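Before any comments, here is the structure.
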């Protein structure tokens, strides 16, 4: 595998590995749709993700699949007062209750492959 | 047409390897530190000044990530027990697998510090756990006092923030209050140290911080 220009390339590359494993397990002949959840903390640029996707899906069973990306907001837990809140990650991680910025990210820190839609050989035959 | 719900983290493979790297380091008695910053903020120079001071007390091993060249490894070659250069080619960050492969080539017998000098970049490295125990983010005075506000997610995850090249504060307009104000809403947990590798200002605090962290983190593992 070639190096990556941006971290979106690494993300899509890891996702392609998951898709290929899945396609093999499910004996999929064609992947038609992929749903991805992207946590805001990952600073993914949708255009960069699309570019990486278009480059890496080529020649695979996912060559014509659509990629839908849903952004997941960040949720944080304050280590000082245990308040749960949704920080505006572009600006502040300050707890609205105790005004400290000492938090644990509890959501919005991951990129999750949600679902895959595909066709299998038998199904195609039946149609 | 069939749809299946997967719900699996895309970077799970990286995270699994990172956990294993962290476990290996903990067992071997090394405190792993991931150094992150923009290019040119003084990561390599900081290590040049830090390694000789730690040498009588701890063994240090260093992994340096760069797109190209072995220059950083050459600069640090005589100062650490072992230095491994990881060239990422076009890669903008290090990943756990690269660290795992580098660790395979190291002896790691005496315990001490593992410094991982990440690729100079303020966005991508933060997304990849390498198996470090601590994240240290550098910001140099010439970069400007607005960088904490501009890259909040990088600074949010830091265990220590080193303001480097503070000897240039008299020459450049750098508003320390602005940095403190930004950190007050972005990260109040991190230790903020103002240092200059060149003049030596604040360096003892950095060394003491490393010693404290080493003592508290490796004590549990014996």
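No lab work stands behind these numbers, since they all come straight from the coordinates. Since the structure is predicted, the reported quantities are computational estimates derived from the model, not experimental observations. When we count neighbours, we look across all protein chains shown, and the Cβ atoms used for this are built from the backbone with ideal geometry, even at glycine.
Exposure proxy ranking for B:164, B:16, based on other Cβ atoms within 10 angstrom of each Cβ and starting from the fewest, stands as B:16, B:164.
The P(r) of chain A has a tail past 21 Å containing 51 percent of all C-alpha pairs.
Rounded to the nearest 0.05, what FRET efficiency do residue B:87 and residue B:109 have when you use their Cβ-Cβ distance and R0 = 30 Å? Walk me through the numbers on the way to the answer.
Numbers: r = 26 Å, r/R0 = 0.87.
Here the calculated transfer efficiency is 0.70.
Averaged over the residues of peptide A:6-15, the number of Cβ atoms from other protein chains lying within 10 Å of each residue's Cβ is 5. Put a dot 7 Å past the Cα of residue A:80, heading toward its Cβ, do the same for residue A:68, and the two dots end up 4.1 nm apart. Each of B:30, B:58, A:91 was scored by other Cβ atoms within 10 Å of its Cβ. Arranged with the fewest first, they read A:91, B:58, B:30. When A:7, B:93, B:133 are arranged by Cβ crowding within 10 Å, least crowded first, meaning fewest neighbours, the order is B:133, B:93, A:7. Per-residue shielding of A:84-94, expressed as the average number of other chain Cβ atoms within 10 Å of the residue Cβ, stands at 4.
The Cα center of the range B:1-69 and the Cα center of the range A:10-58 differ in position by 25 Å.
Using the alpha-carbon positions of chain B, Rg (one decimal) and Dmax (whole number) come out as 17.7, 67 Å.
Over all distinct alpha-carbon pairs, what is the Kirkwood Rh of the range B:6-102 in angstrom? Write out the running numbers ahead of the final one.
Numbers: mean 1/r = 0.0678 Å⁻¹.
Roughly 14.8 Å, rounded to one decimal.
Note on the protein assembly as shown: along the principal axes its Cα atoms extend 76, 48, 40 Å, ordered by decreasing extent. So if we plug the beta-carbon distance of residue A:114 and residue B:173 into 1/(1 + (r/R0)^6) with R0 = 35 Å, what FRET efficiency do we get, rounded to 0.05? The computed FRET efficiency comes out at 0.15.
Peptides B:171-180, A:74-83 ranked from most to least packed give A:74-83, B:171-180, packing being the mean of other C-beta atoms within 10 angstrom over each peptide's residues. Shielding of peptide B:87-93 by partners, expressed as the average count of other chain Cβ atoms within 10 Å per residue Cβ, is 5.
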